[in-house]
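**Q** Sharing a structure here in structure tokens format.
None of the figures in this text is laboratory data; all of them are computed from the coordinates on show. Everything quoted here is computed from the prediction, not taken from an experiment. Using ideal geometry, Cβ is built from the backbone for each residue, glycine included, and neighbour counts are taken over all protein chains shown.
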Amino acid sequence: MTREIIIAGFGGQGVMSIGKTLTEAGLKEGYEVSWVPSYGPEMRGGTANCAVVISDEPIGSPVVSRPSELIAMNGPSLAKFEPQVTSGGLILVNASQAEQKVSRQDVKAYYIPSMEEAGKLGSFKVANMIMLGAYIKATGALKLETIADMLSHVFTGPKAHLVALNIKALEVGASYIK
């Protein structure tokens, strides 16, 4: 099993955080992993994407030119990377930031209104965790429990209250996958 994933959006949408979380969770579950970030001219508001590879075999190259999966956090990212996704692949679209639909018929697409759902949870900052929860449920690539456990090590001390919020965001995202 090898998954090649592109996560793309505007800077500040948590694109890199999704990628790093997938990479660390994959490593924790015993997979070979790679993570390659790519930033536009600005950190916040500019374009950002990262490539993640999760595999049960050694990874020959961290470069992802034909992803099996795409998490598009905005319309420009969907337009840029949709053509590159392999036939039979998966595209998750942040429907809050992308009005267009996936144009291809040879991929599976899900539309998750992550900003609206994050607003309901009280923090727009968890929109990325909503998309991550949807990805985990759609692919079964990793376990939600692994990510939930990781969150308890990331958010400690005065930030410990963020664990429950982020876990809830993962669950909300997962609920969009039927």
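**Q** Taking amide H positions as placed in the peptide plane 1.01 Å from N, state which residues far from I71 in sequence (5 or more) or on other chains have amide H under 5 Å from it.
**A** I6, I7, A8, L92
**Q** Relative to 2.2 N^0.38 Å, what does the C-alpha radius of gyration of the chain come to as a ratio? Two decimals please.
**A** 0.95
**Q** Also, I was wondering about something else. Given 10 Å bins starting at zero, what is the percent of C-alpha pairs of region 14-97 in each, up to the one with the largest pair distance?
**A** The calculated distribution, bin by bin, is 17, 49, 30, 4.
**Q** Kirkwood hydrodynamic radius, computed over distinct alpha-carbon pairs, for region 74-121: how many Å, to one decimal?
**A** Taking every pair of different Cα atoms in region 74-121, averaging 1/r and inverting gives 11.2 Å.
**Q** How much length is gained on full extension from S175 to R66, taking 0.36 nm per residue of separation minus their Cα-Cα distance?
**A** Values: separation 109, 0.36 × 109 = 39.24 nm, distance 2.76 nm.
Between S175 and R66, full extension yields an extra 36.5 nm.
**Q** Moving to a separate point now. Report for the chain the percent antiparallel among DSSP-assigned beta bridges with both residues inside it, nearest 5.
**A** Of the beta bridges lying entirely in the chain, close to 55 percent run antiparallel.
**Q** As a test of the formula, what do you get for the chain when each DSSP H run with n ≥ 4 contributes -39,500 (n - 2.57) and the sum is divided by the residue count, at 222 nm and rounded to the nearest 500 deg cm²/dmol?
**A** Using -39500 (n - 2.57) per qualifying helix, the result is -11500 deg cm²/dmol.
**Q** If we sort 163-173, 125-135 on the protection proxy, mean other Cβ atoms within 10 Å, highest first, what's the order?
**A** 125-135, 163-173
**Q** Pop out the ³J(HN,Hα) list for region 15-25 in order, Karplus 6.51 cos²θ - 1.76 cosθ + 1.60 with θ = phi - 60°, rounded to Hz; leave Gly and Pro as x.
**A** Per-residue couplings from phi come out as 4, 5, 5, 4, x, 5, 5, 4, 5, 5, 5 Hz.
**Q** Taking the chain, how many lysine pairs are there with alpha carbons less than 14 Å apart, if each pair must be eight or more places apart or span two chains?
**A** 10
**Q** Taking only Cα atoms of region 96-178, what ratio of Rg to Rh do you get with Rh as the Kirkwood inverse-distance radius?
**A** 1.02
**Q** E4: net charge of surrounding residues, Cβ under 11 Å, Lys/Arg +1, Asp/Glu -1, itself excluded?
**A** Net local charge, E4 excluded: +1.
**Q** Under 15 Å from the Cβ of F155, count the other residues' Cβ atoms, weight Lys and Arg +1, Asp and Glu -1, and hand me the total.
**A** After counting each charged neighbour, the total is +2.
**Q** Here is a further query. Arrange the following residues from fewest to most other Cβ atoms within 10 Å of their Cβ: V15, V107. Display every interim value, and only then the final one.
**A** Values: V15 28, V107 18.
The order, fewest Cβ neighbours first, is V107, V15.
**Q** Calculate, in nm to one decimal, what E29 and K120 gain on full extension: separation in residues at 0.36 nm each, minus their alpha carbon distance.
**A** 29.6 nm
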